[in-house]
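Here's the structure we're looking at; comments come further down.
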Amino acid sequence: MEEASASGNHSYSGSPITNIAQDHLLTILLLLPIDAIFSLSMTCKRLRAITSSDTLWKYLCKRDLGSSCVDALINSNSSSSSSSSIHNNNHHNNHHQFSWMRLYKQVYKMDSVTCHRFSEPQHGQLDFPSARASHSLNFVSNCLVLFGGGCEGGRHLDDTWVAYIGNDFRSMLRWQAVNSTSPSGRFGHTCVEMGDFLVLFGGINDRGNRQNDTWMGQVTYNENHSVAFSWKMLDVGAVAPPPRGAHAACSIDDKRMLIHGGIGLHGLRLGDTWVLEFSDSRCFGTWHQIVAQPSPAPRSGHTLTCIGQSRTILFGGRGLGYEVLGDVWMLDTCQGYLKWVPILYDLQGIPHSVSLPRVGHTATMVLGGRLLIYGGEDSYRHRKNDFWVLDVSAIPCTSMQHSTMSSSKRVKDKNMWKRWKSSRFDRELFLVELVLQLRD
């Protein structure tokens, strides 16, 4: 393009986009939704070749499926290929290669989920956490970490339990209690993963007192390979969000955590948004309030989920009038500009007998760039055991200049919401099994 411009010749054999260097095209393609990539592949032979490249689809898998899953696939494939090479006297083993594009398409067709119940030890054999609700349970450094919650009679708990669930894990959780300094007893707090750390904030104790302290937790492995866990209160200075419980939180990158809403003092539902930024050493943090209009209404029992590419999705909860909400909001944090955008969607693809609004549910980012929502309760306090998927790719990107950003985004895609069957899903295990099938 530079030579053509310099010579004054502005004629091209095709669209100017075909003159862009391949590396630059790949960078652009990684910013596009999948539908746009497929559309580009039908425009010309060069773009078809680029959009079919294994390199592109490997990075798309990392973008939408997660780096941890892709790394697990590569390691599994390498181990399997090595074993096969030894078994076959080092013969050539091309049949062990698989297509990242085909893998992505197969995963994106996934429309079911299954739940596996872990085996419980016989009574009296092993330590086991007591029954509880409104606790936190996180997976970090190959371990499940459970903290706090409320038990029978409304009493709070202050215990921490750890269970290893790494590569050689089978089916029985072996819990061990942590005997170290820990946050005071509470329920309705949040605890999110940030790299190898957990960050806990807020909660309510059995006297109704709201908390606003921030703690960091970390799993360590001793020389004898035993698991240990430690808590440390984080120094956040003089500024902190008002005390609360039943709020929502998520990490938006390796150094920032987002919280929204909850139940504050005197039972008042909150609608404020705060970001906690960590220092490079993670020895202290700084809270900043995000003040923007429009913004989600005050609520509790909702979810916040980071969906990648600097976007976070808020869904559901219970409002000021005790009504159960079903609205969707997106917070875009690209280039340091933070703004809430309501996502308006049609309910045409949802049966009239199904109640989508809910409170007390979970929302987890899963394979294919989708948000898996489970359970909760509706406005009649009916408990739910259904799985719904929110297709994030149907949500328009709002990463644009402030002057051109609209106050809301309407999604006309009838498939934005889809109900999943309770059948087959197990993140990394599913991917490993799928690769074995694709190589055959």
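The values are calculated or read from the model by the stated rules, or taken from the named source; none is laboratory data. All of these numbers come straight from a predicted model, not from anything done at the bench. A quick note on method: Cβ atoms are made from the backbone with ideal geometry, for glycine too, and the neighbour counts reach across all protein chains shown. The area values use the complete protein model at the heavy-atom level, side chains included, leaving out ligands, DNA and RNA. Shrake-Rupley method; radii C 1.70, N 1.55, O 1.52, S 1.80 Å.
Are any residues in the range 284-324 open to solvent by 30 Å² or more (accessible area, probe 1.4 Å) and hydrophobic (A, V, I, L, M, F, W, C), and if so, which ones?
Phe284, Val291, Ala297, Cys306, Leu320
If you take the residues of the range 23-37 that are part of a helix (DSSP H, G or I) and at pLDDT below 85, which of them is most open to solvent (accessible area, probe 1.4 Å)?
First, pick out the residues of the range 23-37 that are part of a helix (DSSP H, G or I): 23-29, 34-37.
From the residues that got through so far, the ones that are at pLDDT below 85 too are 34-36.
Numbers: Ile34: 22, Asp35: 117, Ala36: 33 Å².
Of everything passing the filter in the range 23-37, Asp35 is most open to solvent (accessible area, probe 1.4 Å).
Within the range 344-371, which residues are modelled with pLDDT under 90, closer than 30 Å to Lys58 by Cβ and hydrophobic (A, V, I, L, M, F, W, C)?
Met365, Val366, Leu367, Leu371
Have a look at Trp274, Trp231 and point out the one that is within 22 Å of the chain's Cα centre (by Cα) and among the aromatic types (Phe, Trp, Tyr). Reasoning before the result, please.
Working: Trp231 fails: within 22 Å of the chain's Cα centre (by Cα).
Within the list Trp274, Trp231, the selection yields Trp274.
Return the only residue of Ser230, Ser184 being in contact with a His (Cβ under 9 Å, 6 or more places away or on another chain), in contact (Cβ under 8 Å) with a residue 12 or more places away in the chain and farther than 28 Å from Cys115 by Cα.
Numbers: Ser230 fails: in contact with a His (Cβ under 9 Å, 6 or more places away or on another chain).
After ruling out the rest, the residue left standing is Ser184.
Select, from Thr312, Thr286, the only residue that is in a strand (DSSP E or B), of a type in the set (S, T, N, Q) and modelled with pLDDT under 95.
Numbers: Thr286 fails: modelled with pLDDT under 95.
None of the others qualify; the one that does is Thr312.
State whether one or more residues within the range 167-175 are of a type in the set (Gly, Ala, Ser) and either part of a strand (DSSP E or B) or in contact (Cβ under 8 Å) with a residue 24 or more places away in the chain (or both).
So far as the range 167-175 goes, yes, one or more of its residues are of a type in the set (Gly, Ala, Ser) and either part of a strand (DSSP E or B) or in contact (Cβ under 8 Å) with a residue 24 or more places away in the chain (or both).
Checking Val140 against (1) buried (at least 19 other Cβ atoms within 10 Å of the Cβ); (2) modelled with pLDDT of 95 or more; (3) farther than 20 Å from Ile263 by Cα; (4) not small (Gly, Ala, Ser), only one condition comes out false. Which one?
(2)
Any residue in the range 280-294 that's of a type in the set (A, V, I, L, M, F, W, C): show its pairings with residues that are loosely packed, with under 13 Cβ neighbours inside 10 Å at Cβ separation under 6 Å, as long as the two are six or more apart or on different chains.
Phe284/Asp235; Trp287/Val239
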